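See below for the structure under consideration.
The values are calculated or read from the model by the stated rules, or taken from the named source; none is laboratory data. Given the structure is predicted, the values throughout are model-derived calculations rather than measurements. Heads up, the Cβs are rebuilt from the backbone with ideal geometry, glycines too, and the neighbour counts pull from every protein chain shown. With ligands, DNA and RNA removed, areas are computed over all heavy atoms of the protein, side chains included. Shrake-Rupley method; radii C 1.70, N 1.55, O 1.52, S 1.80 Å.
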Amino acid sequence: MPVLHNMQISGNCYKVRLAARQLGFSLVLKEYPLGSGKTRQPEFLAKNPNGRVPLLELDDGRCLAESDAILFYLAEGTPLMPADRWGRAQALQWMFFEQYEHEPYIAVARRWLSLESKEALAPKLHLVPEWHAKGNAALGVMEKHLAKHRWFAGDRYSIADIALYAYTHSADEGGFDLSAYESVRGWLDRRPNHIVLMREDSAMTPEVFD
């Protein structure tokens, strides 16, 4: 069975777990706690020289790093992948946005303001205004899009929504106030609670998840 090298508190790992669960794609989780140093050990670095999770390890030993690349792999041939060329390009557009304009500020603020000690945060306190300014700018871009569209790629829920959902739904833990983003809040509430999705090349039985 494929192994997801995982950190439970990581939004990047969460998005992979969420997609896999909605697709009925079974995974074994191998945990790497924050600050454990386990991703810097030779055994892990042999699988991912970048020393980061998530990392998907397939049954044949191949390893795939980067959360959005893993989402793309899991979604191939499923309703989570937009069916047309334009929709797939849109999904990639928003997934690149998530990693370059959204995650570096919203996720980083969450980590240092909610998950690290006050002592560890102290040298970075001067960065908090920048995190909030640039994170709010990213939320503003999302708000403008969602004022006119229900989803981020095409006309249905996709991996683009999963990629952006992971850290947006926990943005308050990084000091972000979503009350000013009505369309973003509507999108968060609109995310399907019960989804039946299947890989077209899989013999697994579809499951319903809440």
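Relative to 2.2 N^0.38 Å, what does the C-alpha radius of gyration of the stretch 13-84 come to as a ratio? Two decimals please.
1.17
Quick one: length gained pulling V3 to A120 fully straight, 0.36 nm per residue minus the C-alpha distance?
39.0 nm
Ordered by residue, what ³J(HN,Hα) values in Hz, to whole numbers, does the stretch 104-114 give under the Karplus form 6.51 cos²θ - 1.76 cosθ + 1.60, where θ = phi - 60° and Gly and Pro are x?
x, 10, 6, 5, 5, 4, 4, 4, 6, 8, 10
Which one of L115, T39, A83 is farthest out on the positive end of the charge dipole of the stretch 1-152, using unit charges on Cβ (Lys, Arg +1; Asp, Glu -1) and the Cα centre as origin?
Most positive-ward Cα: L115.
If we sort 54-62, 16-24, 120-128, 156-164 on the protection proxy, mean other Cβ atoms within 10 Å, highest first, what's the order?
156-164, 16-24, 54-62, 120-128
How much of the accessible area of the chain, probe 1.4 Å, is carbon plus sulfur, in whole percent?
Of all accessible area on the chain, carbon and sulfur atoms account for 53 percent.
In Å³ and rounded to a whole number, note down the convex hull volume per residue for the Cα atoms of the stretch 97-140.
Roughly 58 Å³ of hull volume per residue.
Hey, any idea what the orientation-averaged projected area of the convex hull of the stretch 1-125's Cα atoms comes to, in nm²?
8.7 nm²
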